[in-house]
Amino acid sequence: MTPVRILLLGFYYPPDISPGAFRAEALVHALDAQLPAGSVLHVITTAPHRFMEADTPAPGEEYLESGNTRITRLEISQPGKGMAGQALGFLGYARQVAKLARGQEYDLVVATSSRLMTAVLARWLAKRHGAMLYQDIRDNFVDNLPYVLPGSIGRALAPFFGVLERWALGKAQRVNLVSRGFEPYFSGRYPRQHFTWHTNGIDLPFVRAVEQGAFLPRPECKVDVPLKVLYAGNIGAGQGLEHILPALAKRLEGRAEFLIVGGGGAVELLQQALDAQQVGNVTMQPPVPRDALIQAYRDADVLFLHLNTLPSLDVVLPSKLFEYAATGRPVLAGVAGYAARFIDEEIDNAAVFAPADVESAVAALGRLELSSRPRPRFVARWRRDGIMDQMADEVLAVVKNEA
């Protein structure tokens, strides 16, 4: 294959800690390993501004060992945690990307995007540079808007962003969707588009931890010791922890101790709800590096997951599920729709309850076997490097006109 020039856009990248960052990194390394000789992959992302994995700042410019892949991290200003602050931060990113890309030649533009606008930027750049386009869509942004923005604002904005979505995806050579639950929405709107389904998976640090025996089976928990229940992940509107955790923890007082590890826009809301109900068996901790997170999984008896009751969340598949299942620990999940079906089909010793329903959660906890056991078939099937190898092969097939 002749050399290719690829531009890859992702708003988050390690040492930021987020599902989007880890997904982008895995895709970059998979592409780097498969690039034809003489090819160039330029990754333009942001400097860490969300949750950092380490205190050491990441370099503004970095090359992978092959010398073919260059990672540029742009400094951005993101005032506030709301959508307005996020929008301003993205505008700063987009301006800098457009400036960096000016005068460059690309055969293919790739974007991994959750809130749609990275995909829109990629479409504009592909059009400007006469390049092909591969879109990796991690969320159903337009469908979510009426539920995540207050009052009628989301409903008013949805048609506008729907136009942007059609412009960004309609002419792409290939669109990957991270969840099979997205299929009805996207297939209905884009019947001529060919979709693929390279989902999230288990990151290598957790695969290695499994292979090294970090999550060896544990005996059943002692009945006279409170269960250690761990939630690790984002704390935002999509999780809705304030709607379940205070009342659930109160209901399980003396039976369970909860550790919440994470950050996000709803941290203060959750803390206020816990204080209002005078909950004493919940400890909150900011995000931690992955080695510390692995230790937290080792210490836990049960892993807890929850999605809000928004109808749009019935189609998502939380990336955290893959990490949880890899540990072999029992999983207590307040989810509905596609995520509930995935758990039922793929993860043993996991109990699903209706989101925001305390009694349903208590009943689900009672159905769990409170001991750990390996899930080797799950790990083998859903390891991220394998998924990304397939995706990278497909990305390169696009630029070879084999898609």
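General remarks:
- Treating r as the C-beta distance of residue 400 and residue 208 and R0 as 45 Å, the FRET efficiency rounds to 0.90.
- The relative contact order of the chain, computed from alpha carbon pairs under 8 Å that lie at least 6 residues apart in sequence, is 15 percent.
- Working from label points 7 Å from Cα in the Cα-to-Cβ sense, the residue 250 to residue 385 distance is 4.8 nm.
- Globularity index of the range 291-332, i.e. its alpha-carbon radius of gyration over 2.2 N^0.38 Å: 1.31
- Both radii were evaluated on the Cα set of the range 54-209; the Rg over Rh quotient, with Rh as the Kirkwood radius, amounts to 0.98.
- Count of Lys pairs (Cα-Cα under 29 Å; at least 8 positions apart or interchain) in the chain: 13
- The Cα atoms of the range 248-403 cover 61, 34, 33 Å along the three principal axes, with the biggest extent listed first.
- Solution diffusion estimate, µm²/s, Stokes-Einstein, the chain, Kirkwood Rh from C-alpha pairs, 25 °C, viscosity 0.890 mPa s: 111 µm²/s
- When peptides 340-350, 133-143 are ranked by their average number of other Cβ atoms within 10 Å per residue, the highest-first order is 133-143, 340-350.
- On a per residue basis, the convex hull of the C-alpha atoms belonging to the range 339-403 measures out at 119 Å³.
- Full-extension gain in nm, residue 63 to residue 98, via 0.36 nm per residue minus C-alpha separation: 10.5 nm
- Estimated FRET transfer efficiency when R0 is 45 angstrom, pair residue 88-residue 369 (beta carbons, to 0.05): 0.40
Laboratory data are not the source of any read-out in this text; all were calculated from the coordinates shown. Here the structure is a predicted model, which means the values were calculated and not measured. When we count neighbours, we look across all protein chains shown, and the Cβ atoms used for this are built from the backbone with ideal geometry, even at glycine.
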